[in-house]
Amino acid sequence: MPNHEGFSDFFYASTDGLKLHARIYGEANATGWPVVCLPGLTRNARDFHELALYLSGSAKQPRKVIAFDYRGRGKSAYDPDVKNYNVGVEAGDVLAGLAALGVNEGAFIGTSRGGLIIHVLGMMRPATLKAIVFNDIGPVIEANGLAHIQSYLERERTPKTRAQATAAQRSVHGKDFPALAGADWDRMVWALYRETDGGLVPDFDPKLVDTVASLDLTQPLPDLWPQFEALAAIPLLTIRGANSKLLSTDTLQRMRERHSKMEAITVAGQGHAPFLETSSLPDDIAAFLDRAEQQNSPE
């Protein structure tokens, strides 16, 4: 089981009064841009645990890392109004959390939905974004990728043991992630589920499934090209799983064309979304952040 040391819990109130949560790593790291980690749709701050430990402790330039639980996920309160589970509200929650922490700017890492929230933050508060890492997300979401997410969320069951949970996740995602080892799947299960008297349950509000199930994938999905183009001056690294169904190679190429200085990494043997603590990704991310900050420094 991953080490639970190395962070503190931070609770704050949203503008509409919900009690929300974030993890803070490396609180004593006062130099360098802080790193803000934003998880996927049904995920939570635990997804970033290993990467956060590295960035806050082992990297050449240790940084403060803030990993958020959106409303309805992890240790954040569930929202009684399902309509508030949207990227606009969640972007506002992130800004409220940063304000409560006294953080005005930072480098942002967004996995899947987290990357969509970064697109919105670029419109709401562009000065907050000093560097960006997109993890398997861009301004265009492929319908077949969303259909895959709809399918496995609808089939989500309550396993009795962690072994059953691991087997279930490998059954659903194994073909897209042949590069993962047993310990990787164990970390995924540890991050995704919480224990109850009846077994393990996914650590998010079940109503979130409704927000995905209600999408009509027979209609064209809106894109975020205007929002993406507004990020053109911000250092950007995009990570794509080679087997991703959500971020296509065509979209990645178009992103390069519209953001001429964008860096990109394709992760072999992984799909949506790559595990950021695997392979050379922690070093790659840390090096990108160091380069971006150095280039931003006045001569």
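Laboratory data are not the source of any read-out in this text; all were calculated from the coordinates shown. Remember, predicted model here, so these are calculated numbers, not experimental data. Cβ coordinates were reconstructed from backbone atoms using ideal geometry, including for glycine residues, and neighbour counts include every protein chain displayed.
Quick notes on this structure:
- Distance between modelled label sites at E257 and D184, nm, 7 Å Cα→Cβ extension: 3.2 nm
- Scattering profile of segment 10-72 at q = 0.18 Å⁻¹ [log10 I(q)/I(0), Debye over alpha-carbon scatterers]: -0.63
- Fraction of antiparallel bridges per DSSP, the chain only, in percent to nearest 5: 45 percent
- Taken over segment 61-193, the convex hull of the Cα atoms encloses 158 Å³ per residue.
- Cα gyration tensor shape for segment 50-107, rounded if a/c is under 1.5, else prolate or oblate: prolate
- Amide hydrogen proximity for A264: with H placed 1.01 Å from N in the peptide plane, the residues at 5 or more positions away or on another chain lying under 5 Å are T238.
- Judged by the ratio a/c of the largest to the smallest principal axis of the C-alpha gyration tensor, segment 79-150 counts as oblate, that ratio being 1.5 or greater while a/b is no larger than b/c.
- Hydrodynamic radius (Kirkwood) for segment 147-294, which is based on Cα pairs only, to one decimal in Å: 17.7 Å
- By average C-beta atoms within 10 angstrom, highest first, the peptides 201-214, 120-133: 120-133, 201-214
- Globularity ratio of segment 188-242, using Cα Rg and 2.2 N^0.38 Å: 1.77
- Mean projected area of the convex hull spanned by the Cα atoms of the chain, taken over all viewing directions: 14.9 nm².
- Annotation: peptides 25-35, 240-250, ranked by per-residue average of other Cβ atoms within 10 Å with the highest first, follow the order 240-250, 25-35.
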